[in-house]
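Encoded as structure tokens, the structure appears first; notes follow it.
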Amino acid sequence: MQTEEFTPKIIAFMCNWCAYGAADLAGVSRMQYPPNIRPVRVMCSATVSPHHILRAFQSGADGVLVGG
Amino acid sequence: MDRIDGEEGNFEVSVIQHPRYVDMDKCIACGLCAEKCPKKVPDEYDEGLVKRKAVYVQYDQAVPLKYAIDAEHCIYLTKGKCRACEKFCPADAINFNDAAKKIAVNVGAVIVAPGGETYDPGTSDTFEYKKYPNIVTSIEFERILSASGPFGGHLVRPLDKKEPKKIAWVQCVGSRDENHCGNGYCSSVCCTYAVKEAMLAKEHSGGDLDTAIFYIDIRTNGKDFEQYYNRAKDEFNVRFIKSKIISAPLVKETGKHLISYVSESGKRINEEFDMVVLSVGLKATKESAELAQKIGIDLDKYGYAVTHSFEPVCTSKPGIYVCGAFQAPKDIPSSVIDASAAAGMAASKLSKARWSMTKTKDIPKEQDVRGQSPRIGVFVCCCGTNIAGVVDVPAVVEYAKGLPGVVYVEQNMFSCSQDTQDKIAQSIKEQRLNRAVVAACTPKTHEPLFQETLINAGINKYLFEMANIRNQCSWVHKDAPELATQKAMDMVEMAVAKAKLLEPLSDPVFEVKHAALVIGGGVAGMEAAKNLAEQGFHSYLVEKTDSLGGQARHLFQTWRGEPIQKYVSGLIETVSANKNIDIFFNASVKEVEGFVGNFKTTISHNSGQNSGQNSGQTEKTSTLEHGVTIIAAGAAEFESKQYLYGKDPRVLTGLDLQQRLTDNDSGLTRLNSAVFVQCVGSRIPERPYCSKLCCTQSITSALALKTRKPEMDVFVLYRDMRPYGLREDVYRKARVAGVVFIRFNPENEFTVETDDAGLLCVTFTDSVLSHQMRINPDLLVLASAVVPEKENPLAQMYKIPQSADGFFMEAHVKLQPVDCATSGVFICGLAHAPKPVDESITQAHAAAARAATVLAMENIKGEGIISRIDPRFCSGCLGCINVCPYGAISFDSEKKVVEVNPALCKGCGACAAACPSEAPILMGFTNHQLYAQINSALTA
Amino acid sequence: MDYKFVPSVCPYCGTGCGVLFEVIDGKIVGTLPNKTHPVNEGKLCIKGWNMHEYVNSFMRLKQPLVKTFGRFIKTEWDEAIQVTADRFKKIIDKHGPDSVGVLVSAKITNEENYLAQKFARAVIGTNNVDHCARL
Amino acid sequence: MQAQVEQWLKEGKVDIFIGYKKVDGHVMPHFFTKENIDEVKDLVAGQAHYSLEKVATKVAAEHPDMKIGILLARDCNQQALHVLYVWNQLNPNQIQTLEAFEASSDSEQPEVSAPYKQQMGLGKSMAPKDMEAFDHAERFSRWMYEFSKCLKCYGCRNICPVCFCKECSLEHKDLVRAGNLPPEIPIFHLVRAVHMAGRCIDCGLCEEACPSDIPLRLLYRKVDEIVQDVFDYETGTSPDQSPFSVLGEKVVLEPIPINE
């Protein structure tokens, strides 16, 4: 059996007012990071409920990041 | 600024706009120009620690994010050839023909805010800062700590990029120093920033870093700064060493620097540090001096704009106002307060011109798309090469075509350019699109622009979604174009999945009641009401006692020597006579309902309006309708139960003495000696804050005593003398006049007794000599704390939190220092934090200016992105009410369900997360939409 | 006031789980498993848990219907049985008894089920009998 | 006990008393009222395993002014009432409680687990700390095994004394899709576990009702323990605060690396 390198699929919930802006700034600063993250913009990290996190895992995510 | 003519109400100002050589409309900030520019220049933003190019943006967060060419260094502009940037610019934005433009404006008022600069320790280089890279200024150190700084936030010494183990901060470099630089003032900000830098450095280094701050006095007198200082001392083990340091010679072999100082126990100690940070002070700039000359305003001996304590933002020339570090050295919150105050002062003179230059825009009628099946248009942006250079844009376009609901896909070179905007609007109309997705940069900067395009195309602006394939894709995954393309496809798919479920939203509109309620009839409350009255707004001024004036009625002089009583009585007269101000005496707030623009406050008061004298009149309740509330509820002076206060007539508080000075009490000249004790009730465990104003007040009182009777012995016992900013001058004056300042150790015994002869007997330990000392003064003055009302019922009623000390909390300590978390409620004066009278006045004007931003509007437009409760699903468990930070949710006990007040909801969605039944729906970010996004992110 | 708990047996399948109906104001508002019932020992399946729903369902048939010209018309039991018997007779006469099948529901009792299979074999004359609990 | 209830009903202190009565050999919940006051002599406590509190919420929903008496036969009854007060589902002024003589719970007695279960799944008697003996992969596979047995009967929810939502997330089609059996593992049980945090009073009714013997108490004990650690909130001990009103000083959830 061949083993492939494990690249986790990550869903990132990011607060519009901080983490999302920070991710933008990382872009402006041309910081480089692996492309296996899928950002979901939310208005506040408080709106991220356990349901969203469970749904993400259920849909096949390997990791969930909540930035806020 | 070229020149200024005219007078208050009618200035002709001529401004020169220097050429930028980059067309702001065309530049897309892709950075290609800077990449290709061959000229390297030391980066001013990073304090020269790294290089930038001759074409550059000043810093990453710059707004607008557009490049500019530095004409001084550009090879083409200096030597006549190169033009590399022009060749490579994909947007054709470089314009070497750009020339200086003269712009003439006609204005009624001018606000000068040129700021200041930090002192350059290289000018009189006792520290040999220029020579040694490991001696840095505090600003350089800030950049070293910053994640976007020269070392990526990694704390290393500039010399060898090794992690330092010991760092020393040297305070008062370029401040409180008349010898080297003539800056006799205190720069106000350096103590707190040094504390912050030491704590941050410790956090960055992971704990084993030794930090020492060498200081003369620690002046952490801003709001909550003292507690911050305590944390640094007690939790972070930052060492604070009282010692004036004048040099830090290099120890040759190690690259370390030697600092020698005298310890508390009187020993000389030599200590080596890996890095020395010079806490450089602030100063006025040469440019601001030139500006002042052109404008014709007076400067003081340090180059700061001359102002008056009772009109702290007015310059010597009517109609010209000043704010920020050009008025005096100051920190961010003070500058922001100043700025609002200057705007408020200017607005009070220009109220007639309000709305006179506004234009209205024609908006096409919005189509109703509800019930239609989604017809989504996807517009994929290349952003020149910014996106297309990494992401395979045509592949993304093809992919988008196959997504469910998508009926139209377009590829654009620059989606944000005006012609593309028109094209998008055209496509929306032609293709009868009812949802739009733009895959480009970030919604943080560009969502409003594209929403405008939707409005112009006649569809609701909330039927729009962005896929951030630049900032969060192409720019950060340069080395993995295939995976970046895959990510861009996923992001577009996510946006489409959400767009499919978007519904049109409307921004709620609320009418505004054009009146303000000002709570507190002290200086802050009166100034705020007066400013609003001058702006043409009605105020209800609510005072709990039977007369106006508050604490200021006891005050004698400002530190500048201006008589306070004359000012206060003048202000009372003006306010009482103003028809725009209704005053209620013996009044208290009973009940509050409503929200910004529409408050309804019930107060009880005595029936005689505008006449405090007849307090025998019957009590009445009135309900006032108002659009904003300004809280200026003040604070009281601490009444000590110790030190014979109230038991011996020779023991007074700071205010008691000020009152006697005001009354010109002849008894004062009969005294032979006086002792002032600082920090009575402040900076102690139960009241950890610094009361800020008492040091300066004691100095002015001491000086007043000395002036009346020069042979009087006057002692001030202090822990740290804190006459910050320009007040340092009066401190120096007091010492010259012979006032004796003694630093005492508060941890050792401090007692006040009467001895057998009936003499007052003050015993304390001198912290320099470590000796117990005793004075028998004729007068003992307790510089007592400023104490706010804890658990003030206003906090509950207006839903504004109080700090542990009882001061009302602002929405943001630095950026919104007069706004409260509850919209439409503003705060000023002592209720916010201890502060002297000039700062209370400034904050009052700032609060009035902020309040006027609401009052000036016919109605307020709310946000469409707010929470709604589906009553069918609500079980009435009240969980959401507990988690709502804005108090926007209430329980309808009839229907047994909760409701959201759209005026108070800020759309954070905390309720939606807390509800087990998912009854709250955050419009524009519904669970349904988020689940769709999550699913589509992971299906590929 | 009519509040009571009514013990009963689940009618769905042949297991015979013990249930309790919660009756408030004369209406069944909930079903609970009988904790001490020897068959189910306090457990139920999803159908059992939701029995009260069909009792109160607006879709529940409370009267016999006869299909005439493609439409169901409300009728009385006598007529309904008469019509059914006539049609069965016609079909059996024409196609024989094996052209009829009997499907029996778990919602009726064991005894009724017994009668139903007796009816199929003895009256109609076919072995085409089946039941949803024939697991 | 009987005398007290009789007196309450006569005096009008309660309009209705919810207790137990033996019918055909089964102890089952029963409503005692003034009209049928002679039945009060049949009032029993015994080994009663029904949620009278949940019954009370249904009565209260129909009659918000009715004074309701409840028999507290197990210690978790009072805790369940607290939770329902906290979440505004019952009005404490409306409720009178009467403690039965045997206050202690007999549901605490664990049932014997078969060796097969011990090996493959989670023994019913296990405490959260026992689980920590296993590594993460082991715990994960054991839980997935347990969840895979779910018949989606909703019995755990239906019987739960503190489940009161009008609209249940477990029927939310974006979270738990209709039709799938077993429900998509593990979302059904984890959604429910999340909702039990700060609500579960460990009465054990869910586990009793589960036809698949999923060790639900263990799951909910764990989430309640987290709530207690982080917020210092003990579920069911006080009628006047919800975990949402308890703000921790600083919440630090230690990240745990996934075992290879």
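Quick rundown of the values:
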{"quantity": "Residue within the range B:555-566 that is in contact (Cβ under 8 Å) with a residue 12 or more places away in the chain, within 24 Å of B:Thr621 (Cα to Cα) and assigned by TED's automatic domain parsing to the domain that holds B:Tyr798 present", "calculated": "no"}
{"quantity": "Selection count, the range B:704-723, where residues are part of a helix (DSSP H, G or I), farther than 23 Å from B:Val752 by Cα and not charged (D, E, K, R)", "calculated": "2"}
{"quantity": "Residues of the range B:912-935 satisfying the condition of being part of a helix (DSSP H, G or I) and more than 9 Å from chain A (Cβ to nearest Cβ)", "calculated": "B:His928, B:Gln929, B:Ala932"}
{"quantity": "Qualifying position, being within 7 Å of chain B (Cβ to nearest Cβ) and under 13 Å from the mean Cα position of the chain (by Cα), among A:Ala12, A:Ala19, A:Ala23", "calculated": "A:Ala23"}
{"quantity": "Answer residue from the range D:1-58, given it is of a type in the set (Phe, Trp, Tyr) and within 9 Å of chain C (Cβ to nearest Cβ) and is farthest from C:Ile28 (Cα to Cα) among those", "calculated": "D:Tyr50"}
{"quantity": "Test: residue in the range B:345-364 that is at positive phi, in a loop (DSSP other than H, G, I, E, B) and either of a type outside the set (Lys, Arg) or outside the structural domain of B:Pro817 (by TED's automatic domain parsing) (or both)", "calculated": "yes"}
{"quantity": "Selection count, the range B:365-401, where residues are part of a loop (DSSP other than H, G, I, E, B) and surrounded by 12 or more Cβ atoms within 10 Å (Cβ to Cβ)", "calculated": "16"}
{"quantity": "B:Gly862 being within 24 Å of B:Glu593 (Cβ to Cβ), in contact with an Asp or Glu (Cβ under 9 Å, 6 or more places away or on another chain) and at the interface with chain A (Cβ under 9 Å from one of its Cβ atoms)", "calculated": "no"}
{"quantity": "A:Ser59 being in contact with a helix residue (DSSP H, G or I) (Cβ under 6 Å, 6 or more places away or on another chain), at the interface with chain B (Cβ under 8 Å from one of its Cβ atoms), of a type in the set (Ser, Thr, Tyr) and over 14 Å from B:Asn927 (Cα atoms)", "calculated": "yes"}
{"quantity": "Residues (among the aliphatic types (A, V, I, L, M) and over 25 Å from B:Gly549 (Cβ atoms)) located in the range B:809-832", "calculated": "B:Met809, B:Ala811, B:Val813, B:Leu815, B:Ala821"}
{"quantity": "Leading residue by the ranking (farthest from B:Ile572 (Cα to Cα)) among those in the range B:501-520 that are modelled with pLDDT under 95, out of contact with any Phe, Trp or Tyr (no Cβ under 8 Å at 6 or more places or on another chain) and of a type outside the set (A, V, I, L, M, F, W, C)", "calculated": "B:Ser506"}
{"quantity": "The range C:13-29, residues that are more than 7 Å from chain D (Cβ to nearest Cβ) and crowded, with 20+ Cβ neighbours inside 10 Å", "calculated": "C:Cys17, C:Gly18, C:Val19"}
{"quantity": "Among (1) at pLDDT 95 or above; (2) within 14 Å of chain A (Cβ to nearest Cβ) - the single one B:Ser539 does not satisfy", "calculated": "(2)"}
{"quantity": "Count of residues meeting criterion [under 27 Å from the mean Cα position of the chain (by Cα) and either at pLDDT 90 or above or in a loop (DSSP other than H, G, I, E, B) (or both)] in the range B:855-872", "calculated": "7"}
{"quantity": "Count of residues meeting criterion [more than 7 Å from every other protein chain (Cβ to nearest Cβ), hydrophobic (A, V, I, L, M, F, W, C) and either assigned to a helix (DSSP H, G or I) or out of contact with any Lys or Arg (no Cβ under 9 Å at 6 or more places or on another chain) (or both)] in the range A:26-56", "calculated": "1"}
{"quantity": "Any chance B:Tyr129 is assigned to a loop (DSSP other than H, G, I, E, B), touching a residue at least 60 places away in the same chain (Cβ under 8 Å) and within 14 Å of chain A (Cβ to nearest Cβ)", "calculated": "no"}
{"quantity": "Residue within the range D:177-192 that is part of a loop (DSSP other than H, G, I, E, B) and touching a residue at least 60 places away in the same chain (Cβ under 8 Å) present", "calculated": "no"}
{"quantity": "In the range B:281-325, the residues that are in contact with a strand residue (DSSP E or B) (Cβ under 7 Å, 6 or more places away or on another chain), more than 16 Å from B:Ser335 (Cα to Cα) and assigned to a helix (DSSP H, G or I)", "calculated": "B:Ala289, B:Leu291, B:Ala292, B:Lys294, B:Ile295"}
{"quantity": "Of all residues in the range B:169-185 being touching a Pro at 6+ places or on another chain (Cβ under 7 Å) and assigned to a loop (DSSP other than H, G, I, E, B), the one that is surrounded by the fewest Cβ atoms within 10 Å (Cβ to Cβ)", "calculated": "B:Gly174"}
{"quantity": "Test: residue in the range C:54-71 that is of a type in the set (Ser, Thr, Tyr), surrounded by 10 or more Cβ atoms within 10 Å (Cβ to Cβ) and closer than 17 Å to C:Phe119 by Cα", "calculated": "no"}
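Listed here are the residues, each with its yes/no results for (1) at pLDDT 95 or above; (2) surrounded by 14 or more Cβ atoms within 10 Å (Cβ to Cβ); (3) out of contact with any helix residue (DSSP H, G or I) (no Cβ under 9 Å at 6 or more places or on another chain); (4) among the acidic types (Asp, Glu).
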position	(1), (2), (3), (4)
B:Ser588	no, yes, no, no
B:Asn598	no, yes, yes, no
B:Ser604	no, yes, yes, no
B:Lys620	no, yes, yes, no
B:Ile631	yes, yes, no, no
B:Ser640	no, yes, yes, no
B:Tyr643	no, yes, yes, no
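The values are calculated or read from the model by the stated rules, or taken from the named source; none is laboratory data. As the structure is a computational prediction, the values presented were derived from the model and not from experiment. Neighbour counts run over all protein chains shown; Cβ positions are idealised from the backbone, glycine included.
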